[in-house]
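*Asks:* What follows is a structure written as structure tokens; I'll ask about it next.
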Amino acid sequence: MTLDLSGRVAVVTGASRGIGYFIARELAAAGAHVIAVARTVGGLEELDDQIKADGRGQATLVPLDLTDMAGIDRLGGAIHERWGKLDILVANAAILGVVSPIGHVEAKTFEKVMTLNVTATWRLIRSVDPLLRLSDAGRAIIMSSNA
């Protein structure tokens with residue numbers, strides 16, 4: 001069975017490597033226009049090259065550190081301006097942090113994990129929720145790190 005996502009718009013965070021990279025490739029191969037979000041420009045460019053080599057789908061590259069909350073807010077506005085809707089959100093960017101007894105975890109490390117895994121994810125959902133509701137089949141897939 002082949003999935004046809006022609007005409008669909010998908011956001012994938014953490015798209016420059018790992019699970020996000022492969023999800024972005026598969027969505028593009030199914031015909032979706034992928035908005036690939038990651039901090040690493042080089043990784044995003046490699047993804048774009050691979051999507052082009054695969055021969056189906058397109059990507060828009062968005063170099064964005066998801067701890068930039070204002071940047072997340074701008075992302076939703078930019079998607080609305082260009083596409084008017086969003087069909088798929090794959091919130092994949094997350095960090096594990098330190099695997100240690102809680103008393104050994106530095107406050108700065110804990111705050112970094114919470115900022116990316118919780119606050120940024122909430123902000124992203126808040127930014128794109130109205131766009132997902134404009135789709136006839138809007139879907140959100142939220143992932144996180146664990147030990």
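The values are calculated or read from the model by the stated rules, or taken from the named source; none is laboratory data. Worth saying up front: this structure is predicted, and the values here are computed from it rather than measured. Note that each Cβ is placed from the backbone with ideal geometry, even for glycine, and that neighbours are counted across all protein chains shown.
*Asks:* Given THR67, THR40, which one is surrounded by fewer than 18 Cβ atoms within 10 Å (Cβ to Cβ) and either within 12 Å of the chain's Cα centre (by Cα) or within 18 Å of SER127 (Cβ to Cβ) (or both)?
*Replies:* THR67
*Asks:* Output the residue which, of all residues in the range 46-63 that are loosely packed, with under 14 Cβ neighbours inside 10 Å and of a type in the set (Asp, Glu), is modelled with the highest pLDDT.
*Replies:* Restricting to residues being loosely packed, with under 14 Cβ neighbours inside 10 Å and of a type in the set (Asp, Glu), the top hit is ASP49.
*Asks:* If you scan the range 1-32, which residues turn out to be farther than 19 Å from ILE142 by Cβ and either surrounded by fewer than 16 Cβ atoms within 10 Å (Cβ to Cβ) or in contact with a Ser or Thr (Cβ under 7 Å, 6 or more places away or on another chain) (or both)?
*Replies:* Once the filter is applied, which keeps residues that are farther than 19 Å from ILE142 by Cβ and either surrounded by fewer than 16 Cβ atoms within 10 Å (Cβ to Cβ) or in contact with a Ser or Thr (Cβ under 7 Å, 6 or more places away or on another chain) (or both), the range 1-32 yields MET1, THR2, LEU3, ASP4, SER6, GLY7, GLY31.
*Asks:* Another one. Quick one: count up the residues across the range 42-58 that are over 14 Å from GLY14 (Cβ atoms) and in contact with a strand residue (DSSP E or B) (Cβ under 9 Å, 6 or more places away or on another chain).
*Replies:* 6
*Asks:* Could you check, for the range 43-56, whether at least one of its residues is touching a residue at least 40 places away in the same chain (Cβ under 8 Å) and either farther than 20 Å from ALA91 by Cβ or under 16 Å from the mean Cα position of the chain (by Cα) (or both)?
*Replies:* No, every residue in the range 43-56 fails to be touching a residue at least 40 places away in the same chain (Cβ under 8 Å) and either farther than 20 Å from ALA91 by Cβ or under 16 Å from the mean Cα position of the chain (by Cα) (or both).
*Asks:* I'm trying to understand the selection: among the residues of the range 76-114, which are in contact with a helix residue (DSSP H, G or I) (Cβ under 6 Å, 6 or more places away or on another chain) and modelled with pLDDT under 90?
*Replies:* Scanning the range 76-114 gives ALA94, ILE95, GLY97, VAL98.
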